[in-house]
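Written out below as C-alpha cells is the structure these notes cover.
The values are calculated or read from the model by the stated rules, or taken from the named source; none is laboratory data. As the structure is a prediction and not an experimental result, all values here were calculated from the model. Methodologically, a virtual Cβ is constructed for each residue, glycine included, from the backbone with ideal geometry; neighbour enumeration extends over all protein chains shown. Quick note on the areas: whole protein, heavy atoms, side chains included, nothing else; ligands and nucleic acids left out. Shrake-Rupley method; radii C 1.70, N 1.55, O 1.52, S 1.80 Å.
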Amino acid sequence: MNSPETLAHQVMGRIDELAAISETPGALTRRYLTDEHRRANHLVAGWMTAAGMAAAQDAAGNMVGRYGGAAGGPSLIIGSHLDTVVNAGKFDGMLGVLCGIACVQALHQSGRRMGYPIEVVGFADEEGVRFGTTYLGSRAITGALDPATFEQTDKDGITFRQALLDFGLDADRIGQAARRADDVMAFLELHIEQGPVLEALDRPAGAVTAINGQTRLSVTVTGEAGHAGTVPMASRRDALAVAAEGVLAVESICAQVEDVVGTVGILNTSPGAINVIPGDVNFTVDIRAKDDIARRDAVAAAIRAIRAAAEKRNCIAQVTVLHRAVSAPCSESMIAIIEKAIAAAGFEPSRMPSGAGHDAAAMAALCDVGMIFLRSDGGISHNPAERTSEADIAAGIRIMLNVLDEMEG
Ligand code: HGY
Ligand code: MN
Ligand code: MN
C-alpha cells in the first residue's frame, strides 16, 4: 500500500492539476455549472476510477465515487467541494476530495475492503459564488433545496434552473441526487483550517466541534444620480454614501459581540463616473456566529442601520436574504473518533469551532458529521497564498485512514 507520504506527494500534484482549471488565466476561479466545473469533474472521475471506485456525476453535478464494502449497508461519505471563490487558494475544498480519493486508493492497492461502503464526493457548489446561496451540491444530497432557489440568478442574470439545463442537468430531476438517512452511516470532511489556530498550537490537525451559522444578504440602495458639481450637498440622494454608512455599521455592530463576524465582500456602484453622484448601489453582507441568536440580532441591527442611513438621505434600501444556515454541531462520536485518530497518528489532538462554512454544515441535516482540520500556513485562505504543507497532508491521510479503521467499530 502506498505510504501516506507517497499519497500526499500525489495529492500535491493533483492540487496543481485542478488549480490549472480556471475561468481566469493566472488566477483560480471555478464556479458551479461552468465548463471549468465540467473539466474538473472529468479529471476527478478519472482519479476515482484509478483508485478502484465507480465514479458518476449525480443530478446536481456532484462527482461521486463509490468503493464497495465487504458488506453492504449504509455508506461512509467522505467529501468536500470542487468549486472555488474568486482568485482562490488551491487547497480550499479540493484537498478534502483528493485526500478521500487517496485513502480509498490505499485500500484498493492493498486489496482491502472496509466493513462498510465508502463514497467520496466532490461537491459541486459549496462557496455559492455563482448564485449567492451556498451548499447547493450538498443540499441536493440532503434533499434540502428550496424550489425558489432555482430562480436565483448569477451576475449575468442566468437562473440556477437555466444553468442546470445548460450543463445537461434538469432542476426537476435534481431530487435524484437526494440520499435517505438510512443509506448514510456518517459524513467525514477533511478541510484546511483557513485560520491561525493550529499553526499557533504547532499541530498539523484538529477535530472540528461545530460550524458557525451564516446569513448572506444582498442590499440594493436606490437614490438619484446627479451632477457632482451642481447638486447642493443638502439635497443629494447619494446611494454610495448610504452604502458606506452601511459597511461601517456592519463592521461596528459585529465588532461589539464576541464570536460574531461581518463582512461586506461585494459593492457595485452605478453609474460609476467620477463626476456623477451614485444613484444605485448594490452590496452584500455576510454575518456569522457560533450562536444563532447572536447572529440574528447582529443581522437585524445591521438592517436597521442600513435603512436609517437610507432614510436620512431620502434613498430606498431593499434587503434580500440570499442564504441562511444555522450553526451545525459535529457529532460527539465523530469528534471522539477523529481525536483518537489524531492521537494514533502520533499527534496531540485539539478541538476547535469552524468560522468558515463547509458542506458538513449541510450534511448535518442528514447524518452525523465530523471534520478533520489541517493547518493553514499563516492562517491564510481565500487567497492565492493559501497553503498546506505536504507533511501535513501526509498526516491528514494517516489520520483519515485511522478514522476509517475506527469506523469499523
Ligand atoms: O464562506 C465560507 O465560509 C466557505 O469558504 N464557503
Ligand atoms: Mn471557501
Ligand atoms: Mn471550503
Name the single residue that is nearest to residue 404 (Cα to Cα) among those in the range 69-87 being open to solvent by less than 10 Å² (accessible area, probe 1.4 Å) and within 12 Å of ligand 1 (Cβ to nearest atom).
80
State all residues of the range 194-211 that are buried (at least 24 other Cβ atoms within 10 Å of the Cβ) and either within 16 Å of ligand 2 (Cβ to nearest atom) or under 28 Å from residue 250 (Cα atoms) (or both); if no residue qualifies, say none.
208, 211
Please enumerate the residues belonging to the range 121-159 that are within 16 Å of ligand 3 (Cβ to nearest atom), aliphatic (A, V, I, L, M) and not in a helix (DSSP H, G or I).
121, 124, 129
Return yes or no: is residue 264 modelled with pLDDT of 95 or more, of a type in the set (Val, Ile, Thr), within 16 Å of ligand 1 (Cβ to nearest atom) and touching a helix residue (DSSP H, G or I) at 6+ places or on another chain (Cβ under 9 Å)?
yes
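From the list 66, 39, 30, which one is closer than 27 Å to residue 142 by Cβ, within 16 Å of ligand 3 (Cβ to nearest atom) and either free of Cβ contacts under 8 Å to residues at least 60 places away in the same chain or loosely packed, with under 15 Cβ neighbours inside 10 Å (or both)?
Working: 66 fails: within 16 Å of ligand 3 (Cβ to nearest atom); 39 fails: within 16 Å of ligand 3 (Cβ to nearest atom).
Result: 30 is the single residue among 66, 39, 30 that is closer than 27 Å to residue 142 by Cβ, within 16 Å of ligand 3 (Cβ to nearest atom) and either free of Cβ contacts under 8 Å to residues at least 60 places away in the same chain or loosely packed, with under 15 Cβ neighbours inside 10 Å (or both).
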Among the residues of the range 324-380, write down those that are open to solvent by less than 40 Å² (accessible area, probe 1.4 Å) and at positive phi.
379
Among the residues of the range 188-242, what is the count of those that are touching a residue at least 60 places away in the same chain (Cβ under 8 Å) and part of a helix (DSSP H, G or I)?
7
In the range 42-60, what residues are in a loop (DSSP other than H, G, I, E, B), in contact with a strand residue (DSSP E or B) (Cβ under 8 Å, 6 or more places away or on another chain) and surrounded by 22 or more Cβ atoms within 10 Å (Cβ to Cβ)?
53
Residue list for the range 212-227, filter: under 22 Å from the mean Cα position of the chain (by Cα) and surrounded by fewer than 20 Cβ atoms within 10 Å (Cβ to Cβ):
218
Test: residue 304 is without any contact (Cβ under 8 Å) to a residue 12 or more places away in the chain, assigned to a helix (DSSP H, G or I) and either more than 16 Å from ligand 2 (Cβ to nearest atom) or surrounded by fewer than 16 Cβ atoms within 10 Å (Cβ to Cβ) (or both)
yes
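Take residue 6 and decide whether it is of a type in the set (S, T, N, Q) and in a helix (DSSP H, G or I). So that I can check it myself, show each step before the final result.
On the way: of a type in the set (S, T, N, Q): yes; in a helix (DSSP H, G or I): yes.
So residue 6 passes the test.
Would you say residue 132 is in contact (Cβ under 8 Å) with a residue 60 or more places away in the chain, at positive phi, open to solvent by less than 40 Å² (accessible area, probe 1.4 Å) and small (Gly, Ala, Ser)?
Values: in contact (Cβ under 8 Å) with a residue 60 or more places away in the chain: yes; at positive phi: yes; open to solvent by less than 40 Å² (accessible area, probe 1.4 Å): yes; small (Gly, Ala, Ser): yes.
Criteria met by residue 132.
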Do we have residue 12 as touching a strand residue (DSSP E or B) at 6+ places or on another chain (Cβ under 9 Å) and either closer than 29 Å to residue 158 by Cα or assigned to a helix (DSSP H, G or I) (or both) here?
no
Would you pick out the residues in the range 309-323 that are out of contact with any helix residue (DSSP H, G or I) (no Cβ under 7 Å at 6 or more places or on another chain) and open to solvent by 60 Å² or more (accessible area, probe 1.4 Å)?
311, 312, 314, 318, 320, 321
